[in-house]
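Asks: Got a structure for you, written out below as C-alpha cells; questions coming shortly.
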Amino acid sequence: MKIEKIDIYRFSIRIEPFAIATGTMHFAQNVFIRVHAEGGLYGVGECSAFPMIVGETQETCLEMARNFASIWKGKDALDIESRLRDLDSFAAKNTTIKSAFDMALYDLAAKHAGVPLYRFLGGTKRAVETDMTIGIAETQQMVDAAMRYKEQGARVLKIKLGKDAAEDVARMKAIRKAVGEDMILRIDANQGWSFDDALSALKDMDRLNIQFCEQPMRTWYDDYLTLLRSESPVRIMADESCYNHHDARRLINSRSCDYLNIKLSKSGGIHEALKIHQLASDEGMPCMIGTMLESRIALSATLHLVYACPGITFFDLDSCLLGFLEDPVKDGLRYEGFFLDIDELPGIGADADEAFLEKCEHWTI
C-alpha cells in the first residue's frame with residue numbers, strides 16, 4: 001500500500017502556563033500529520049515539541065517533517081520497520097517528530113486491518129487511571145492544587161519539584177499533611193537536583209510515603225544513579241535517562257533505577273516503546289507511560305499502547321486535563337473522572353477537527 005502524500009500541520013494548542021524545573025510552557029507546540037495511502041485510507045500522527053526536555057521545537061519538527069514526507073512518498077506504508085529505518089538513516093535523534101510519523105503508520109496499519117490499534121498490537125482493554133500533575137509554584141499554591149484534585153476525586157498526584165531541594169522537602173511535607181495518608185504521591189524533579197541535593201531531599205522525605213522519584217538528576221549524572229538508588233529510601237524512576245531500549249538495557253544492567261518512564265516523544269514512537277516495554281518486562285521492571293503536551297490524538301495512541309503492554313502499571317496521562325484551553329480533536333479517548341476509555345474504532349480512533357485544521361498553517365508533500 002503505497003504512500004501517496006503527507007499533510008503536515010502546525011498544530012498549536014492554547015494552554016494555561018505550566019511550570020517545571022526547566023521552564024514554563026504557554027502553548028502546546030504540536031505537529032499533526034496525515035499519511036495518505038492508496039485506496040483513500042490515511043493514518044494520523046501527532047507530537048508535542050518540548051524543547052527543554054527533548055531538544056526539539058515546533059519549527060525543527062516541521063522542517064524535519066517535510067524532509068521525512070519526501071523520503072516516504074511512494075513507499076509501502078505497511079512495512080513499518082523499513083519506513084522507520086528510512087527516517088533513522090536520514091537523521092539521528094529527532095525522536096519527537098519521528099513519533100508522529102510512527103503513530104501515523106500504526107494508525108494506518110490498524111485501519112487497513114479493520115481493528116482498533118490495541119487489538120492490532122495484541123492487547124486487551126483494562127482499567128487505566130491517570131495521576132494529576134502539580135507544577136512548581138509557591139508551597140500554598142501547590143497545597144491548594146492538591147486539595148482541589150482530591151476534592152475532584154483524584155487518587156494519585158505527581159508533584160513537580162527540582163528548583164530547590166530544601167524548599168521541595170517543605171513543599172512535600174505540606175502537601176502530605178494536607179491530603180492525608182491515603183493519597184498516592186509521586187515526585188518528579190525533572191533533572192533539577194545535584195546528587196547531594198537529591199540524596200538529602202529523598203532521605204528527608206523518607207516518612208512521607210512517596211511512591212517514587214522521577215528523574216532526580218541531569219542525565220550527565222547517570223553514572224551516579226546506581227549509588228543514589230542504593231542509598232535512597234524512595235524508589236527511583238528513569239525518564240530523560242531512557243530514550244530507547246538500549247538506554248533501558250544499560251539502566252537495568254547497572255541497577256540504576258526501579259522503574260522506567262516510556263514516552264512516545266522520547267522513544268520515537270510506538271515501535272521503540274514496545275521494545276522498551278518488552279525488555280523491562282523480561283527483567284521484571286514495571287514501567288510508567290507519560291506524555292508531553294499532546295492532545296487527545298496522541299493520547300489515544302498512547303492508551304492503545306497501554307492496553308498492549310501489561311508491564312505499564314503507572315499512568316501519567318493527564319496532559320489534556322492540565323489547562324488546555326481548546327480541544328481540536330474528533331472522537332478519541334475520553335476521561336471518565338480520572339479513568340480513561342476509548343471507543344472500538346479502527347486505528348487509534350481519533351482525528352483532528354476539520355474546523356481547527358482550517359486555521360493551521362499547512363503543507364502537503
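The values are calculated or read from the model by the stated rules, or taken from the named source; none is laboratory data. Everything numeric in this text was worked out from a predicted model, so none of it was measured. Using ideal geometry, Cβ is built from the backbone for each residue, glycine included, and neighbour counts are taken over all protein chains shown.
Asks: Of these, Ile134, Ile97, which one is on the phi < 0 side of the Ramachandran plot, touching a residue at least 24 places away in the same chain (Cβ under 8 Å) and assigned by TED's automatic domain parsing to the domain that holds Asp164?
Replies: Ile134
Asks: Only residues that are assigned to a loop (DSSP other than H, G, I, E, B) and surrounded by fewer than 20 Cβ atoms within 10 Å (Cβ to Cβ): list them for the range 248-264, please.
Replies: Passing the criteria: Ser254, Arg255, Asp258.
Asks: Looking at the range 303-317, which of its residues are under 18 Å from Gly337 (Cα atoms) and not in a helix (DSSP H, G or I)?
Replies: Hits for the range 303-317 are Phe314, Phe315, Asp316, Leu317.
Asks: Just checking, which of Leu274, Leu293, Leu305 is under 20 Å from Gly123 (Cα atoms), buried (at least 22 other Cβ atoms within 10 Å of the Cβ) and outside the structural domain of Pro17 (by TED's automatic domain parsing)?
Replies: Matching residue, one of Leu274, Leu293, Leu305: Leu305.
Asks: Another one. Search the range 32-62 for residues being in a loop (DSSP other than H, G, I, E, B) and under 20 Å from the mean Cα position of the chain (by Cα), and hand back the single one that is modelled with the lowest pLDDT.
Replies: Checking each candidate, the answer is Met52.
Asks: Being assigned to a loop (DSSP other than H, G, I, E, B), within 25 Å of Asp102 (Cα to Cα) and among the charged types (D, E, K, R) is the requirement here; does Glu272 meet it?
Replies: no
Asks: On to the next question. I need the full set of residues from the range 4-30 which are in a strand (DSSP E or B), surrounded by 17 or more Cβ atoms within 10 Å (Cβ to Cβ), among the small types (Gly, Ala, Ser) and modelled with pLDDT under 95, in order please.
Replies: Ala28 - this is the single residue of the range 4-30 that is in a strand (DSSP E or B), surrounded by 17 or more Cβ atoms within 10 Å (Cβ to Cβ), among the small types (Gly, Ala, Ser) and modelled with pLDDT under 95.
Asks: Name the residue that is nearest to Lys2 (Cα to Cα), counting only residues in the range 91-126 that are of a type in the set (Lys, Arg), in a helix (DSSP H, G or I) and touching a Gly at 6+ places or on another chain (Cβ under 8 Å).
Replies: Applying the filter and picking the extreme gives Lys111.
Asks: Given the conditions (1) basic (Lys, Arg); (2) out of contact with any strand residue (DSSP E or B) (no Cβ under 6 Å at 6 or more places or on another chain); (3) farther than 18 Å from Lys266 by Cα, report the number of the one that Lys75 does not fulfil.
Replies: Among (1) basic (Lys, Arg); (2) out of contact with any strand residue (DSSP E or B) (no Cβ under 6 Å at 6 or more places or on another chain); (3) farther than 18 Å from Lys266 by Cα, the lone unmet condition for Lys75 is (2).
Asks: State yes or no: is Ala280 part of a helix (DSSP H, G or I) and touching a strand residue (DSSP E or B) at 6+ places or on another chain (Cβ under 7 Å)?
Replies: yes
Asks: Exactly one of these conditions fails for Cys320: (1) modelled with pLDDT of 95 or more; (2) in a helix (DSSP H, G or I). Give me its number.
Replies: (1)
Asks: Those residues that are in contact (Cβ under 8 Å) with a residue 24 or more places away in the chain and either farther than 16 Å from Leu105 by Cβ or of a type in the set (Asp, Glu) (or both), I need them from the range 37-50; list them, please.
Replies: Glu38, Glu46, Ser48, Ala49, Phe50, listed by residue number.
Asks: Just one of Phe27, Phe11 is in contact (Cβ under 8 Å) with a residue 24 or more places away in the chain and among the aromatic types (Phe, Trp, Tyr); which is it?
Replies: Phe11
Asks: Which residues, counting only those in the range 51-82, are surrounded by 15 or more Cβ atoms within 10 Å (Cβ to Cβ), more than 25 Å from Ala109 (Cβ to Cβ) and among the hydrophobic types (A, V, I, L, M, F, W, C)?
Replies: Ile53, Val54
Asks: Among the residues of the range 127-147 satisfying the criterion of being part of a helix (DSSP H, G or I) and among the polar types (S, T, N, Q), which is farthest from the chain's Cα centre (by Cα)?
Replies: Here the answer is Gln140.
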